[in-house]
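The values are calculated or read from the model by the stated rules, or taken from the named source; none is laboratory data. Remember, predicted model here, so these are calculated numbers, not experimental data. Here the Cβ positions follow ideal geometry from the backbone for every residue, glycine too, while neighbour counts run over all protein chains shown.
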Amino acid sequence: MFGKGASSSKNMEIIGSEKKFSVLIVDDDPIIRKIHSALLSKFTKEIHEVKNGKEAVDLCRSGTSFDIIFIDKEMPIMNGLEATKELRAMGVYSTIVGVTSCDLSSERNDFIAAGQNQCYEKPLTIEKIKSLLSELNKNN
Amino acid sequence: MEVGQMQRRLIEYTKSLFMEGILDDQFLQLQQLQDESNPDFVVEVVSLFFQDAERLLNDITSALDQQSVDFPKVDAHVHQLKGSSASVGAQRVKNGCIAFRNFCEEQNVDGSLRCLQQIKQEYYHVKNKLEALFRLEQQIVAAGGSVPMMELSF
């Protein structure tokens with residue numbers, strides 16, 4: 001998938017089997033965490049979950065690093081935008097993907113300004129993840 | 001009833017829920033995530049939704065019952081309910097929440113109460129339907145069959 005010459009990845013079994021990547025799911029909603037976790041487990045086995053922005057920042061500060069961080073916008077204690085800014089300020093270079101239940105078009109600028117690479121409306125779907133991964137693949 | 005018949009009945013039943021707009025594509029997404037390593041995924045997620053929804057409906061009911069209604073609080077609950085119903089594909093509940101938020105913005109108590117009634121009805125409706133669907137699935141498995149996967153396009 002991330003490697004060279006990956007053939008058509010329409011078949012789910014091919015995806016993720018060529019290179020391991022780690023993801024962090026940041027969301028205060030346990031239903032969303034469960035769904036996104038199951039979704040991402042089709043692509044990778046290295047999945048971590050936390051419930052808010054502060055936990056995400058603390059985890060990264062402790063030295064754990066992730067390839068992709070999926071971060072919900074609306075969370076208590078520290079929301080997605082604040083957490084993104086902190087993570088970038090800390091020097092975290094991971095791909096950060098914003099996830100929001102609000103209307104995306106009006107939020108997109110905020111996300112990009114905070115330092116996110118991409119953003120999607122909730123809930124994530126198989127198609128969105130595939131398109132994200134192929135975008136990251138191209139940029140690699 | 002033999003397994004093949006039960007499987008066909010399940011497919012027809014599920015299709016009808018989509019035709020009636022009770023469920024949307026998101027439910028299919030959930031079914032796609034269920035596999036051998038996660039065999040009860042859909043039931044687990046839907047159960048979380050039921051718990052969440054009932055708690056939120058209670059909270060909204062109490063909040064609307066106050067002398068002076070805290071609309072931002074009601075709106076926050078409705079926003080959460082909209083999110084969780086959207087994540088399981090409970091389309092009519094989700095749409096009800098979208099309408100409800102307009103009444104919250106207008107601080108309209110009567111409109112909100114009517115909307116709440118509507119959402120409660122839609123919620124119990126989808127709950128009954130999904131419980132019936134899961135029972136059909138259980139019957140198939142108990143009879144030694146496997147639960148058929150819905151096609152994404154029909």
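Taking the options A:Ile71, A:Ile47, name whichever one is surrounded by 22 or more Cβ atoms within 10 Å (Cβ to Cβ), of a type in the set (Val, Ile, Thr) and touching a strand residue (DSSP E or B) at 6+ places or on another chain (Cβ under 7 Å).
A:Ile71
May I ask you to say which residue of B:Ala63, B:Ala90 is away from chain A (no Cβ under 14 Å) and modelled with pLDDT of 95 or more?
Details: B:Ala90 fails: away from chain A (no Cβ under 14 Å).
The match here is B:Ala63.
So which of B:Ser68, B:Ser87, B:Ser146, B:Ser62 is closer than 23 Å to A:Pro123 by Cβ and among the hydroxyl-bearing types (Ser, Thr, Tyr)? Give the derivation first.
Numbers: B:Ser68 fails: closer than 23 Å to A:Pro123 by Cβ; B:Ser146 fails: closer than 23 Å to A:Pro123 by Cβ; B:Ser62 fails: closer than 23 Å to A:Pro123 by Cβ.
Selected residue: B:Ser87, the only one of B:Ser68, B:Ser87, B:Ser146, B:Ser62 that is closer than 23 Å to A:Pro123 by Cβ and among the hydroxyl-bearing types (Ser, Thr, Tyr).
Kindly indicate whether B:Lys127 is within 19 Å of B:Ser62 (Cα to Cα) and within 16 Å of the chain's Cα centre (by Cα). Give the derivation first.
Working: within 19 Å of B:Ser62 (Cα to Cα): no; within 16 Å of the chain's Cα centre (by Cα): yes.
Criteria not met by B:Lys127.
I'm trying to understand the selection: among the residues of the stretch B:135-154, which are surrounded by 15 or more Cβ atoms within 10 Å (Cβ to Cβ), hydrophobic (A, V, I, L, M, F, W, C) and either in a helix (DSSP H, G or I) or touching a strand residue (DSSP E or B) at 6+ places or on another chain (Cβ under 9 Å) (or both)?
Result: B:Leu136, B:Ile140.
Among the listed residues A:Val26, A:Val50, identify the single one that is of a type in the set (Val, Ile, Thr), closer than 19 Å to A:Thr125 by Cβ, modelled with pLDDT of 95 or more and out of contact with any Ser or Thr (no Cβ under 6 Å at 6 or more places or on another chain). So that I can check it myself, show each step before the final result.
Details: A:Val50 fails: closer than 19 Å to A:Thr125 by Cβ.
Criteria check complete, one pass: A:Val26.
Is it the case that B:Lys127 is more than 26 Å from B:Gln7 (Cβ to Cβ) and in a helix (DSSP H, G or I)?
no
Could you tell me whether B:Ile119 is more than 12 Å from chain A (Cβ to nearest Cβ), assigned to a helix (DSSP H, G or I) and in contact with a His (Cβ under 6 Å, 6 or more places away or on another chain)? Let's see the steps before the verdict.
Working: more than 12 Å from chain A (Cβ to nearest Cβ): yes; assigned to a helix (DSSP H, G or I): yes; in contact with a His (Cβ under 6 Å, 6 or more places away or on another chain): no.
No: the conditions fail for B:Ile119.
How many of the residues in the stretch A:86-107 are over 19 Å from B:Gln80 (Cβ atoms) and buried (at least 17 other Cβ atoms within 10 Å of the Cβ)?
7
Output the residues belonging to the stretch B:48-58 that are crowded, with 20+ Cβ neighbours inside 10 Å and more than 8 Å from every other protein chain (Cβ to nearest Cβ).
Within the stretch B:48-58, B:Ala53, B:Leu56 meet the criteria.
Name the single residue, out of those in the stretch A:108-125 being touching a residue at least 24 places away in the same chain (Cβ under 8 Å) and within 14 Å of chain B (Cβ to nearest Cβ), that is surrounded by the fewest Cβ atoms within 10 Å (Cβ to Cβ).
If we take residues in the stretch A:108-125 being touching a residue at least 24 places away in the same chain (Cβ under 8 Å) and within 14 Å of chain B (Cβ to nearest Cβ), then A:Thr125 is surrounded by the fewest Cβ atoms within 10 Å (Cβ to Cβ).
Collect the residues in the stretch B:77-101 that are assigned to a helix (DSSP H, G or I), buried (at least 20 other Cβ atoms within 10 Å of the Cβ) and of a type in the set (Gly, Ala, Ser), keeping them in residue-number order.
Result: B:Gly83, B:Ser84, B:Ser85, B:Ala86, B:Ser87, B:Gly96.
Looking at the stretch A:24-47, which of its residues are within 7 Å of chain B (Cβ to nearest Cβ) and either among the polar types (S, T, N, Q) or in a helix (DSSP H, G or I) (or both)?
A:Pro30, A:Ile31, A:Ile32, A:Lys34, A:Ile35, A:Ala38, A:Leu39
Looking at the stretch B:28-47 only, could you name the residues that are in a helix (DSSP H, G or I) and either surrounded by fewer than 18 Cβ atoms within 10 Å (Cβ to Cβ) or more than 11 Å from chain A (Cβ to nearest Cβ) (or both)?
Let us first name the residues in the stretch B:28-47 that are in a helix (DSSP H, G or I), namely B:28-33, B:41-47.
Answer for the stretch B:28-47, where residues must be in a helix (DSSP H, G or I) and either surrounded by fewer than 18 Cβ atoms within 10 Å (Cβ to Cβ) or more than 11 Å from chain A (Cβ to nearest Cβ) (or both): B:Gln31, B:Val43, B:Glu44, B:Ser47.
So, in the stretch A:87-106, exactly how many residues are among the polar types (S, T, N, Q) and part of a strand (DSSP E or B)? Steps first, answer last, please.
In the first step, residues of the stretch A:87-106 are kept if they are among the polar types (S, T, N, Q); the result is A:94-95, A:100-101, A:105-106.
Still in the list and also part of a strand (DSSP E or B): A:95, A:100.
Qualifying residue count, the stretch A:87-106: 2.
Out of all the residues in the stretch A:57-80, which are in contact with a Gly (Cβ under 9 Å, 6 or more places away or on another chain) and among the aliphatic types (A, V, I, L, M)?
Listed by number, the residues that qualify are A:Ile71, A:Met75, A:Ile77, A:Met78.
Given the structure, is B:Cys104 assigned to a helix (DSSP H, G or I), of a type outside the set (Gly, Ala, Ser), without any contact (Cβ under 8 Å) to a residue 24 or more places away in the chain and surrounded by 14 or more Cβ atoms within 10 Å (Cβ to Cβ)?
Details: assigned to a helix (DSSP H, G or I): yes; of a type outside the set (Gly, Ala, Ser): yes; without any contact (Cβ under 8 Å) to a residue 24 or more places away in the chain: no; surrounded by 14 or more Cβ atoms within 10 Å (Cβ to Cβ): yes.
When the stated conditions are applied, B:Cys104 does not pass them.
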